[in-house]
Amino acid sequence: MPVPVRIRKTSEGYTFPATNGCRVLVCAEALELVRELSWYADYNSRGTPYIHSKCNAANLTVIRRRLPEKGPTSTFTIQCWLKPPGPGLVVHHRNANTLDNRLENLVVTTQTLNNAAQGARGGTSKYKGVHLRGRKWIASIQVSGQKYQLGSFDDEVEAALRYDLAAMQHFGELAALNFPAANIESTSYAIAAE
């Protein structure tokens, strides 16, 4: 039985409110799926909202048709509802906006690639994959649980560009880059040759 929701058509798709006021964006193809359940926003430790629903006696049959592994008291995210990932996989938001759940913004991937898509998290550098050791900037990358040092640099930006090159090579379109791809190709030829 569909849940009544206040849906608004926008230039990007359709939005509806989660129970605590966040507006969630979906595409036309996802509308019927999201209408089947009630949704609420839950925030992670960095304050990022993720949209969830809960299994209960009334909706368990509907949920098990799409997510058969869910039990009677499970919770799950809207992105997993719209694109069930399968065992060992996760659903990633291409544009990093967790409220944008249009199907074209969701991609099923591994946890490793999902982690690669995360931005810098603080430390001695404002760039991802870069830290200061003494007077040198060290570029490093983690791939499949293994950390690789990419070099040491006098300049923080050079180290960040070197990280970006390695990230593009290992993670492709899901790589979280410090700089736009166009800048990497035009400004880092010297670093790539090292």
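The values are calculated or read from the model by the stated rules, or taken from the named source; none is laboratory data. As the structure is a prediction and not an experimental result, all values here were calculated from the model. Because the Cβ atoms are built from the backbone with ideal geometry, glycine has one as well, and the counts that use them run over all protein chains shown. Quick note on the areas: whole protein, heavy atoms, side chains included, nothing else; ligands and nucleic acids left out. Shrake-Rupley method; radii C 1.70, N 1.55, O 1.52, S 1.80 Å.
Just to confirm the number: angle between the C-alpha axis of helix 156-171 and the first principal axis of the chain, 0 to 90 degrees, nearest 10?
50 degrees
Work out from phi, with θ = phi - 60° and the Karplus expression 6.51 cos²θ - 1.76 cosθ + 1.60, the ³J(HN,Hα) of each residue of the range 73-81, listed in order in whole Hz, and give x for Gly and Pro.
Per residue, the Karplus-derived 3J(HN,Hα) values read 10, 6, 10, 7, 8, 5, 5, 6, 5 Hz.
Label points 7 Å out from Cα along the Cβ direction at Lys54 and Gln118: separation in nm?
With each label placed 7 Å out from Cα toward Cβ, I get 2.7 nm.
Kindly provide the pair-distance distribution of the chain built from C-alpha pairs, with 5 Å bins from 0 and whole-percent values in order of increasing distance.
That works out to 1, 7, 14, 16, 15, 12, 10, 9, 7, 5, 3, 1, 0, in percent per bin.
Suppose each label sits 7 Å from its Cα in the direction of the beta carbon; what would the Thr61-Ile7 distance come out to in nanometres?
It is 2.3 nm.
Please list, in chain and number order, the residues 5+ apart from Val143 or on another chain whose amide H is under 5 Å from its amide H, with Hs placed from the backbone.
Under 5 Å from the amide H of Val143 lie the amide H atoms of Tyr148, each far enough along the sequence or on another chain.
To two decimal places, what compactness ratio does the range 54-169 give when its Cα radius of gyration is scaled by 2.2 N^0.38 Å?
Dividing the Cα radius of gyration by 2.2 N^0.38 Å gives 1.43.
If we count every other residue with Cβ under 14 angstrom of Leu67's Cβ, Lys/Arg +1 and Asp/Glu -1, where does the sum land?
Once all neighbours under 14 Å are counted, the net charge is +4.
Keeping all protein chains in place and using 1.4 angstrom, which order do Tyr148, Tyr40 fall into by accessible surface area, from largest down?
Most to least solvent-accessible, the answer reads Tyr148, Tyr40.
Pop out the ³J(HN,Hα) list for the range 111-116 in order, Karplus 6.51 cos²θ - 1.76 cosθ + 1.60 with θ = phi - 60°, rounded to Hz; leave Gly and Pro as x.
Karplus-based 3J(HN,Hα) across the range 111-116 equals 5, 4, 5, 5, 5, 4 Hz.
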